[in-house]
Amino acid sequence: MTHDIAIKTEDLMFFYATGDDTPPREILKDVDLEIRSGEFVAVIGHNGSGKSTVAKHMNALLLPKGGSVRVFGLDTADEDATLDIRRQVGMVFQNPDNQIVSNVVEEDVAFAPENLGVPPEEIRRRVDKALETVGMEEYKEHTPHLLSGGQKQRVAIAGVLAMNPKCIVFDEPTAMLDPVGRSEVLRIIDALRKKYGTTVVLITHHMEEAVAADRIIVMSDGRVVMEGPPRAIFTRVEELRALGLAVPDTTYLLWELNKSGFSLPLDALTTEECAETIYRSLQ
Amino acid sequence: MAKPILKIEALTHVYSQGTPFEKTALDGVDLSIDRGEIISIVGHTGSGKSTLIQHFNGLIKPTAGAVYFDGEDINASKESVKKARSKVGLVFQYPEYQLFEETVYKDIAFGPGNMGLDKDDIDVRVREAARFVGIPAEKLDVSPFDLSGGEKRRVAIAGVVAMLPDVLVLDEPLAGLDPGGCEDILNNIRGYHEETGAAIVMVTHSMEIAATTDRIVVIDHGRIALDGTPGDIFSRGDELRAMGLETPAVTKVVDRLRAMGLDLPAGIYTVRQAREAICALRDGRKGGEDRA
């Protein structure tokens, strides 16, 4: 059975227990999301907006306190489905050092499929393919702790790929990386959905990283406050800034020029498009 | 001319010298930082920038060359190293992972406590440091682990600020923070600089952050490759890219417009500069047409 909807949350509500008599603070309120199979969705929000908490509901790391979450049709509240859900939805976190378990790169990548009881020849095949996808095949016999942050993160992604997930949730995967590592990881994310049709959810507070997404979901104070394609979201400069989010400097420049009498469309996503827009208006 | 607060002379550092893993991390670095300067040190991963700042207060010793704080070789004696440790404050990457005390107050008090100050002095410093980083007094008695990520970062910075360093060095102080959190911390750091006149050194990968400082030092392969104002540095985009670095997005847009034949100045790196230059170009053209 195939599902057109990868992840669907309905009235999702969540809070952490306080441990004393103080009333809990709701981290998520009435979150309704629908992520289609094969879609690339970026979830943006400032610190404390609830974006990582939503992400952790997507493979049953957290369970709803109200409402429901369905992953490829499976209810995350159903304990019997947990293993299946985690097999279908992989997670990549911020800190690569916390995700590496082995002393050899290829053993690290093999860790998850080994735990899933995948036959050895199949593991070999998956590990090789995963390392190739992230461009780390020549490092397969290296030790992970001597790799750069970006390389470690690529190994962590390979470890998730080796489970053959249908969906991967990236929770701020570039926050600790340098610009080179960051662009490597973003390139892999883009390749995953184009080559393999993997559903991708990218949690980030860098607007620049969201430009390649099909759709952006903006969260604030535990709620979804905006939703739409990047070109439509980025033009809402004032609303985004009110939410404590910075628009990319390229959009901000166009917006500032408009205040000085230009009338430029704000939907340029790249530096090239931005330059092109300005150039045309000056001709 | 006033003598620099920190002076690095012909500094070379070799890790694991004499073993097969020998690696020269710094190779003859000369750098001088004046009182009250705000500078950034940029370079890609492995360029040597972290090794460099660990020499600033004697955490590691030079293989060759010397580090002078206020004219004194910091590695000359135990006393001089100790002095450098309190006068040159280092805030490492993700400093919030180093919080360990039961309360925010105790954590901030740890550094000044080690300096042998009496209780009243420490109290003044803790409260001042908390104020600098925008931690309200009522949060001083809570556990640092009950704070948000951004607050923890600020408490960790306060722990170094409480030693009232003359040079405050921060390694990637904004990594992992959202734009609002970044702005708060940048303002806190600037506030400390303005009130105390301390020199600020920020180590960063982000050209957008480097653009907020007065001077940028670019490290590549253990050497200083470029040293100048943001305008100087960002007008050398090709050299930066060859070193695995980027220019700010605004610089890229303006450089592209220049390549398309528009008469705009090089080295533009803020939205404001770009807006002004583009408006000036438009208004100049309009003026030209009117006359014609």
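The values are calculated or read from the model by the stated rules, or taken from the named source; none is laboratory data. Being a predicted model, the structure only gives us computed values, none of them experimental. All Cβ positions, even for glycine, are placed from backbone atoms using ideal geometry, and neighbour counts span all protein chains on display.
Condition test on A:Ser49, is it of a type in the set (Ser, Thr, Tyr), within 14 Å of chain B (Cβ to nearest Cβ) and surrounded by 16 or more Cβ atoms within 10 Å (Cβ to Cβ)?
Working: of a type in the set (Ser, Thr, Tyr): yes; within 14 Å of chain B (Cβ to nearest Cβ): yes; surrounded by 16 or more Cβ atoms within 10 Å (Cβ to Cβ): yes.
Yes, satisfied.
Looking only at region A:267-282, count how many residues are over 13 Å from B:Ala249 (Cα atoms) and crowded, with 20+ Cβ neighbours inside 10 Å. Step through it out loud before you land on a result.
As a first pass, look at region A:267-282 and keep what is over 13 Å from B:Ala249 (Cα atoms): A:267, A:276-282.
Adding the requirement that they be crowded, with 20+ Cβ neighbours inside 10 Å leaves A:277-278.
Count: 2.
Any idea which residue in region A:193-212 is modelled with the highest pLDDT, counting only those that are surrounded by fewer than 21 Cβ atoms within 10 Å (Cβ to Cβ) and more than 20 Å from A:Leu245 (Cβ to Cβ)?
Here the answer is A:Gly197.
If I ask for residues that are within 12 Å of the chain's Cα centre (by Cα), more than 23 Å from A:Arg87 (Cβ to Cβ) and either part of a loop (DSSP other than H, G, I, E, B) or within 14 Å of chain B (Cβ to nearest Cβ) (or both), which ones from region A:186-207 would you list?
If the condition is that a residue be within 12 Å of the chain's Cα centre (by Cα), more than 23 Å from A:Arg87 (Cβ to Cβ) and either part of a loop (DSSP other than H, G, I, E, B) or within 14 Å of chain B (Cβ to nearest Cβ) (or both), then A:Leu186, A:Thr204, A:His205, A:His206 are the ones that fit.
Of the numbered conditions (1) surrounded by 15 or more Cβ atoms within 10 Å (Cβ to Cβ); (2) away from chain A (no Cβ under 14 Å); (3) closer than 18 Å to B:Asp227 by Cβ; (4) modelled with pLDDT of 95 or more, B:Ala66 satisfies every one except a single condition; which is it?
Condition (3) is where B:Ala66 drops out.
Does A:Val54 satisfy the condition of being in a strand (DSSP E or B) and either among the acidic types (Asp, Glu) or closer than 15 Å to A:Arg215 by Cβ (or both)?
On the way: in a strand (DSSP E or B): no; either among the acidic types (Asp, Glu) or closer than 15 Å to A:Arg215 by Cβ (or both): yes.
The answer is no for A:Val54.
Please verify whether A:Asp171 is touching a Ser or Thr at 6+ places or on another chain (Cβ under 7 Å) and of a type in the set (Asp, Glu), treating the condition exactly as stated. Give the steps one after another, and end with the answer.
Values: touching a Ser or Thr at 6+ places or on another chain (Cβ under 7 Å): yes; of a type in the set (Asp, Glu): yes.
Answer is yes for this residue.
How many residues does region A:105-126 contain that are more than 20 Å from A:Gly150 (Cβ to Cβ) and free of Cβ contacts under 8 Å to residues at least 40 places away in the same chain?
13
Of all helices (runs of 4 or more DSSP H) completely enclosed by region B:15-116, which ones contain at least 3 residues that are under 30 Å from B:Lys152 (Cβ atoms) and touching a residue at least 60 places away in the same chain (Cβ under 8 Å)? Show your work before the answer.
Values: elements: B:49-55, B:78-87, B:104-114.
Hits in region B:15-116: B:49-55.
State the number of residues belonging to region B:258-285 that are within 13 Å of A:Thr250 (Cβ to Cβ) and free of Cβ contacts under 8 Å to residues at least 12 places away in the same chain.
1
Here's the yes/no breakdown for (1) charged (D, E, K, R); (2) without any contact (Cβ under 8 Å) to a residue 60 or more places away in the chain:
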| residue | (1), (2) |
| --- | --- |
| A:Val31 | no, no |
| A:Arg36 | yes, no |
| A:Val41 | no, no |
| A:Asn47 | no, no |
| A:Lys51 | yes, no |
| A:Met58 | no, no |
| A:Gly73 | no, no |
| A:Ala77 | no, yes |
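Quick check on my filter: what residues within region A:233-263 are facing another protein chain (nearest Cβ under 10 Å), over 19 Å from A:Glu209 (Cα atoms) and part of a loop (DSSP other than H, G, I, E, B)?
The answer is A:Ser260, A:Gly261, A:Phe262.
Go through region A:91-107 and count every residue that is surrounded by 15 or more Cβ atoms within 10 Å (Cβ to Cβ) and assigned to a loop (DSSP other than H, G, I, E, B). It would help to see each step written out before you state the result.
Quick first cut of region A:91-107, residues surrounded by 15 or more Cβ atoms within 10 Å (Cβ to Cβ) only: A:91-96, A:99-100, A:102, A:105-107.
Imposing the further condition that a residue be assigned to a loop (DSSP other than H, G, I, E, B) reduces the set to A:93-95, A:99-100, A:102.
So the answer is 6.
Of the residues that make up region B:255-269, is at least one of a type in the set (Gly, Ala, Ser), part of a helix (DSSP H, G or I), at the interface with another protein chain (Cβ under 10 Å from one of its Cβ atoms) and crowded, with 16+ Cβ neighbours inside 10 Å?
First, the residues of region B:255-269 that are of a type in the set (Gly, Ala, Ser): B:259, B:261, B:266-267.
Filter again for part of a helix (DSSP H, G or I), leaving B:259.
With at the interface with another protein chain (Cβ under 10 Å from one of its Cβ atoms) added as a condition, the list becomes B:259.
Then keep just the ones that are crowded, with 16+ Cβ neighbours inside 10 Å; that gives none.
Within region B:255-269 (the criterion being of a type in the set (Gly, Ala, Ser), part of a helix (DSSP H, G or I), at the interface with another protein chain (Cβ under 10 Å from one of its Cβ atoms) and crowded, with 16+ Cβ neighbours inside 10 Å), the answer is no, since none of the residues qualifies.
List the pairs whose first member sits in region B:137-155 and is without any contact (Cβ under 8 Å) to a residue 24 or more places away in the chain, whose second member is among the charged types (D, E, K, R), and whose Cβ atoms are under 8 Å apart, counting only residues at least 6 apart or on separate chains?
B:Ala137/B:Arg127; B:Glu151/B:Lys139
Counting only residues that are free of Cβ contacts under 8 Å to residues at least 60 places away in the same chain and assigned to a loop (DSSP other than H, G, I, E, B), which one in region B:165-181 is surrounded by the most Cβ atoms within 10 Å (Cβ to Cβ)? Before the answer, list the steps.
Taking region B:165-181 first, the residues free of Cβ contacts under 8 Å to residues at least 60 places away in the same chain are B:174, B:177-181.
From what is left, the residues that are assigned to a loop (DSSP other than H, G, I, E, B) are B:174, B:177-178.
Values: B:Leu174: 21, B:Leu177: 20, B:Asp178: 25.
By that ranking, first place goes to B:Asp178.
Listed here are the residues, each with its yes/no results for (1) out of contact with any strand residue (DSSP E or B) (no Cβ under 6 Å at 6 or more places or on another chain); (2) not in a strand (DSSP E or B); (3) not β-branched (Val, Ile, Thr).
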residue: A:Glu34; (1), (2), (3): no, no, yes
residue: A:Val43; (1), (2), (3): no, no, no
residue: A:Gly48; (1), (2), (3): yes, yes, yes
residue: A:Ser68; (1), (2), (3): no, no, yes
residue: A:Val109; (1), (2), (3): yes, yes, no
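Could you please let me know if A:Asp171 is under 30 Å from A:Leu266 (Cα atoms), within 14 Å of chain B (Cβ to nearest Cβ) and under 15 Å from the mean Cα position of the chain (by Cα)?
Considered against the rule, which asks whether it is under 30 Å from A:Leu266 (Cα atoms), within 14 Å of chain B (Cβ to nearest Cβ) and under 15 Å from the mean Cα position of the chain (by Cα), A:Asp171 comes out as yes.
Of the residues that sit in region A:69-90 and are basic (Lys, Arg) and closer than 22 Å to A:Gly117 by Cα, which one is surrounded by the fewest Cβ atoms within 10 Å (Cβ to Cβ)?
Within region A:69-90, the subset basic (Lys, Arg) is A:70, A:86-87.
Right, trim to closer than 22 Å to A:Gly117 by Cα and you get A:86-87.
Numbers: A:Arg86: 19, A:Arg87: 16.
Within region A:69-90, the match that is surrounded by the fewest Cβ atoms within 10 Å (Cβ to Cβ) is A:Arg87.
So that you can scan it fast, the table gives a plain yes or no per residue for (1) at the interface with another protein chain (Cβ under 10 Å from one of its Cβ atoms); (2) in a helix (DSSP H, G or I); (3) at pLDDT 95 or above; (4) in contact with a Leu (Cβ under 6 Å, 6 or more places away or on another chain):
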position: B:Glu208; (1), (2), (3), (4): yes, yes, no, no
position: B:Thr212; (1), (2), (3), (4): no, no, no, no
position: B:Ile233; (1), (2), (3), (4): no, yes, yes, yes
position: B:Gly244; (1), (2), (3), (4): yes, no, no, no
position: B:Val253; (1), (2), (3), (4): yes, yes, yes, no
position: B:Ala274; (1), (2), (3), (4): yes, yes, yes, yes
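Please specify each residue of region B:214-230 satisfying the condition of being at pLDDT below 95 and more than 23 Å from B:Leu11 (Cβ to Cβ).
none
Taking A:Glu276 as the residue in question, decide whether it is facing chain B (nearest Cβ under 9 Å) and either of a type in the set (Asp, Glu) or touching a strand residue (DSSP E or B) at 6+ places or on another chain (Cβ under 9 Å) (or both). Spell out the reasoning first.
Numbers: facing chain B (nearest Cβ under 9 Å): yes; either of a type in the set (Asp, Glu) or touching a strand residue (DSSP E or B) at 6+ places or on another chain (Cβ under 9 Å) (or both): yes.
Answer is yes for this residue.
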